[in-house]
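The values are calculated or read from the model by the stated rules, or taken from the named source; none is laboratory data. Remember, predicted model here, so these are calculated numbers, not experimental data. For neighbour counting, all protein chains shown are included, and Cβ atoms are generated from backbone atoms with ideal geometry for every residue, glycine included. These area figures cover heavy atoms from the full protein model, side chains too; ligands, DNA and RNA do not enter into them. Shrake-Rupley method; radii C 1.70, N 1.55, O 1.52, S 1.80 Å.
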Amino acid sequence: MDRQSPPLRRSGWTRTWFGTPLNSAITLVCVATLLFLAKEAIGWLFLHATFEGTPETCKAASGACWPFLTAKLRYMLFGFYPYEEQWRPLAALLLFFGGALASMAPSLWGRALLAAWAFVLVPALAVLMAGGVFGLAYVPTTQWGGLPLSFMLAFIGLAIALPLGIGLALSRISAMPAIRMLAIGFIEVVRGVPLISILFMATVMLPLFMPDGVTIGKLLRAQVAIIIFAAAYIAEIVRGGLQDVPKGQAEAGSALGLGYWLVMRKIVLPQAIKKVIPPLVALFIGFFQDTTLVTIIGLVDFLDTVRSAMRDPAWQGIAVLEGYLFAAAVYFVFSALMGAYSRFLERHFRTTQD
């Protein structure tokens, strides 16, 4: 049998970068479109923008109106929190960021870090935001808003939902039918309805379970709703990681005489959590952005303060996109940072444990 000669391989930088003539034409059109949009965006954002002045100054300009952000920045960040006390939510944010930054170092993970959050950072954040002690004026939760509210709902909610979701995942794979069916029922019911429905149910039904004379603020109701909703999704993600751990790992631990909880805590769960870091971080990013839904129950989150600032009669119709661009930049920065930290954790665990 005659051996067929291999097909000729076309080389050259044009073939490598553009491919066929049709692909080359499509690529050139896309590049030209992107360059045109970039030129228009730079002109609107910087070249023709107004950086100082009043609403009247912005009316005569054809670019972005950045004085709007200068005038409304404090309201967009802190909402209706008393103006003269806004240093407190700012200090709370800085304290939270400092604690979160320290918590990102795997070398600091342990009981000491948990104790620092439980007995130092969380009480300090509560004192700064609520006041009522140490000479700080009391500020009710109805006046909390803006960026601190969004961070509190997202990160405190997810911090509590994570262990709850792990417990639900273990319950769903439990050998005891009653526990397994209860976990399945809870997870499927919660995942079967949107977050808006959970928020409405928490707002309306949660006070019905409280004793007479005990009231629950809207903030706590929204926090409970987010915890419940996030825990159901975390449970399914963790369950997928548990199923990916070979059964021999647990059997080996049992053969060594370890109990069920010790096997799970020392052998199975660390491997399962490591495998599901990317979907967990994706879920965290999504819930951080979904805190905007709390506006339907009367809370003023960061995006709602931006929209309220844009509805100011003095700036209405003048600053149309600037506020949304600012909000998008804030959400993008924190989402990108969480994504980068996820990639760091993947590299860290891969090099130290695999």
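Descriptive notes on the structure:
- Rounded if a/c under 1.5, otherwise prolate or oblate - the stretch 13-73, Cα gyration tensor axes: prolate
- Distance (nanometres) between label positions extended 7 Å along Cα→Cβ at ALA25 and LEU95: 6.4 nm
- Placing dummy labels 7 Å off each Cα toward the beta-carbon, the span from ALA340 to ILE184 is 4.4 nm.
- Computed over protein heavy atoms with a 1.4 Å probe, the accessible surface of the stretch 265-354 works out to 49 Å² per residue.
- For the chain, the relative contact order is 19 percent, taking Cα pairs closer than 8 Å that sit 6 or more residues apart in sequence and dividing their mean separation by the residue count.
- With a simple spin-label model that places each label point 7 Å from the Cα along the Cα-to-Cβ direction, the separation between LEU206 and ARG111 comes to 3.2 nm.
- For the stretch 25-87, the residue among PRO67, ILE42, PRO55 whose Cα projects farthest onto the positive side of the dipole built from Cβ charges is ILE42.
- Restriction of the chymotrypsin sites (Phe, Trp or Tyr not before Pro) in the stretch 126-180 to DSSP coil positions whose beta-carbon has at most 16 other beta-carbons within 10 angstrom yields PHE134, TYR138.
- What the stretch 152-195 shows is 50 Å² of accessible area per residue, with the surface traced by a 1.4 Å probe over protein heavy atoms.
- Difference of contour (0.36 nm per residue) and Cα-Cα distance, PHE134 to LYS39: 28.8 nm
- Each Cα pair under 8 Å and six or more residues apart adds its sequence gap; the mean of these over the residue count of the stretch 166-242 is a relative contact order of 44 percent.
- Percent carbon-and-sulfur accessible area, the chain, ignoring ligands, DNA and RNA, probe 1.4 Å: 69 percent
- Reachable lysines, given that their alpha-carbon falls under 29 Å from the alpha-carbon of LYS247 and they are not under 8 places away in the same chain: LYS266, LYS274, LYS275
- Listed by number, the DSSP H helices of the chain that run 27 Å or longer by alpha-carbon position along their axis and have mean Kyte hydropathy of at least -1.0 are 21-42, 218-244, 322-353.
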